[in-house]
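First, the structure itself, so that you have it in front of you.
The values are calculated or read from the model by the stated rules, or taken from the named source; none is laboratory data. Here the structure is a predicted model, which is why all the values come from computation and not from measurement. So basically every Cβ, Gly included, is an ideal-geometry build from the backbone, and we count neighbours across all protein chains shown. Accessible surface is based on the protein model in full, side chains and every heavy atom, while ligands, DNA and RNA are left aside. Shrake-Rupley method; radii C 1.70, N 1.55, O 1.52, S 1.80 Å.
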2 protein chains.
Amino acid sequence: MNEKIGILALGHGSRHPHNKEVVNGVAELIAKKYQDTVVHIGFMNMNTPTMKEGLEAFKGSGVSKIVAVPIFLAHGVHTMEDIPMILGISRDSRKTTIKLDGRDVPLIYSEPLGVDELVAEVAFKRAKEALASD
Amino acid sequence: MNEKIGILALGHGSRHPHNKEVVNGVAELIAKKYQDTVVHIGFMNMNTPTMKEGLEAFKGSGVSKIVAVPIFLAHGVHTMEDIPMILGISRDSRKTTIKLDGRDVPLIYSEPLGVDELVAEVAFKRAKEALASD
């Protein structure tokens, strides 16, 4: 049996619905493509589930590790200060351990999306779509 | 001669350097891969060039159209209200015309990155990297 990895897709949250739609949509695409993962979402503010509720959603899933992935383009105050504080990860450490179904489960904090050919590809695709609909 | 398209990569701006690094890095990747484009960057706040300065940077480039691409994951107050106001685009319209070297040049506003397989791919890559370095 393969090890099952939990992915907690972390969103900023917004009073508009779009941020949640994007975080949720990206989480669904990951879950669909990588079937050894269990994916949940959690928001910093203004939307639910919260990040803590997102972590609790892994109860009963049997994941051996959880990676919290900020669905943010770049590091900033939120990814470097607010989210580590919410998740109980020190600013230097990139990990902690949480209790899940009575087990100790490592919670690892990943980098945000950052500079990547694939991000450039999506941005260029949006430009082409805008030109095509002009 | 192919038509040259201008792409203005729009960033949020941040008091940390990371947002500018990501917007700039993504802009450089687009410019490198799509050589019929002229790419400049512009920030909403806290970084320079501003969006207006970014538009002025197309002077002398000979671009026939400019697409302003929000390097934002999702729509929100910034992409729906603040940026259209800065660019002089009405909330309903997705375009305007600017004067560049004495010519009228269409300025078209694209969608932000949004839900995309490639965004999911990058997020999963960050999760894998975090696991590998654990």
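Starting from residues that are more than 7 Å from chain B (Cβ to nearest Cβ) and more than 13 Å from the chain's Cα centre (by Cα), keep the ones in the range A:10-20 and report whichever is nearest to B:Val119 (Cα to Cα). Steps first, answer last, please.
Within the range A:10-20, the first condition is being more than 7 Å from chain B (Cβ to nearest Cβ), and the residues that meet it are A:10-13, A:15, A:17, A:20.
Applying the additional criterion that residues be more than 13 Å from the chain's Cα centre (by Cα) yields A:15, A:17.
Numbers: A:Arg15: 22, A:Pro17: 18 Å.
Ranking the qualifying residues of the range A:10-20, first place goes to A:Pro17.
Taking the condition of being in a strand (DSSP E or B) and open to solvent by 50 Å² or more (accessible area, probe 1.4 Å), how many residues in the range B:87-115 meet it? Talk me through it step by step, then tell me what you get.
Step one: of the range B:87-115, the residues in a strand (DSSP E or B) are B:95-100, B:103-109.
Add one more test, that the residue is open to solvent by 50 Å² or more (accessible area, probe 1.4 Å), and what stays is B:95, B:97, B:99, B:103-104.
The number of residues fulfilling the criteria is 5.
Looking only at the range A:35-46, count how many residues are among the polar types (S, T, N, Q), in contact with a helix residue (DSSP H, G or I) (Cβ under 9 Å, 6 or more places away or on another chain) and open to solvent by 30 Å² or more (accessible area, probe 1.4 Å). Give the derivation first.
Narrowing the range A:35-46 to residues among the polar types (S, T, N, Q): A:35, A:37, A:45.
Still in the list and also in contact with a helix residue (DSSP H, G or I) (Cβ under 9 Å, 6 or more places away or on another chain): A:37, A:45.
After this cut, where a residue has to be open to solvent by 30 Å² or more (accessible area, probe 1.4 Å) as well, the list is A:45.
So the answer is 1.
Evaluate the range B:24-35: report whether one residue or more is more than 7 Å from every other protein chain (Cβ to nearest Cβ) and either touching a Phe, Trp or Tyr at 6+ places or on another chain (Cβ under 6 Å) or among the aliphatic types (A, V, I, L, M) (or both).
Yes, the range B:24-35 contains at least one residue that is more than 7 Å from every other protein chain (Cβ to nearest Cβ) and either touching a Phe, Trp or Tyr at 6+ places or on another chain (Cβ under 6 Å) or among the aliphatic types (A, V, I, L, M) (or both).
For B:Phe72, indicate whether it is within 30 Å of A:Lys33 (Cα to Cα) and either surrounded by fewer than 22 Cβ atoms within 10 Å (Cβ to Cβ) or within 12 Å of the chain's Cα centre (by Cα) (or both). Walk me through it before giving the result.
Values: within 30 Å of A:Lys33 (Cα to Cα): yes; either surrounded by fewer than 22 Cβ atoms within 10 Å (Cβ to Cβ) or within 12 Å of the chain's Cα centre (by Cα) (or both): yes.
It is true that B:Phe72 is within 30 Å of A:Lys33 (Cα to Cα) and either surrounded by fewer than 22 Cβ atoms within 10 Å (Cβ to Cβ) or within 12 Å of the chain's Cα centre (by Cα) (or both).
Within the range A:55-68, can one find any residue that is away from chain B (no Cβ under 12 Å), acidic (Asp, Glu) and farther than 17 Å from A:Ile5 by Cα?
No, the range A:55-68 contains no residue that is away from chain B (no Cβ under 12 Å), acidic (Asp, Glu) and farther than 17 Å from A:Ile5 by Cα.
Let me ask another. Report, by residue number, each residue of the range B:48-69 that is in a loop (DSSP other than H, G, I, E, B) and either among the hydrophobic types (A, V, I, L, M, F, W, C) or open to solvent by less than 30 Å² (accessible area, probe 1.4 Å) (or both).
The answer is B:Ala57, B:Phe58, B:Ser61, B:Val63.
While we're here: Identify all residues within the range B:2-38 that are assigned to a strand (DSSP E or B) and touching a Lys or Arg at 6+ places or on another chain (Cβ under 9 Å); write none if there are none. Give the derivation first.
Start the filter on the range B:2-38 by keeping residues that are assigned to a strand (DSSP E or B), which leaves B:5-11, B:37-38.
Hits for the range B:2-38 are B:Ile5, B:Gly6, B:Gly11, B:Thr37, B:Val38.
Looking only at residues that are open to solvent by 20 Å² or more (accessible area, probe 1.4 Å) and of a type in the set (A, V, I, L, M, F, W, C) in the range A:1-34, which one is farthest from A:Pro49 (Cα to Cα)?
Going through the qualifying residues, I end up with A:Met1.
If you take the residues of the range A:75-86 that are surrounded by 16 or more Cβ atoms within 10 Å (Cβ to Cβ) and away from chain B (no Cβ under 13 Å), which of them is farthest from B:His18 (Cα to Cα)? Explain how you work it out, then say what you get.
Step one: of the range A:75-86, the residues surrounded by 16 or more Cβ atoms within 10 Å (Cβ to Cβ) are A:75-76, A:78-79, A:83-84, A:86.
Next, only the ones that are away from chain B (no Cβ under 13 Å) stay: A:83-84, A:86.
On the way: A:Ile83: 16, A:Pro84: 17, A:Ile86: 21 Å.
Within the range A:75-86, the match that is farthest from B:His18 (Cα to Cα) is A:Ile86.
Enumerate the pairs (first residue in the range A:113-134 and within 7 Å of another protein chain (Cβ to nearest Cβ); second residue anywhere and in a loop (DSSP other than H, G, I, E, B) and open to solvent by 70 Å² or more (accessible area, probe 1.4 Å)) with beta-carbon separation below 9 Å, excluding pairs fewer than 6 apart on the same chain, so at least 6 apart or on different chains.
A:Arg126/B:Glu111; A:Glu129/B:Glu111; A:Ala130/B:Arg94; A:Ala130/B:Glu111; A:Asp134/B:Arg94
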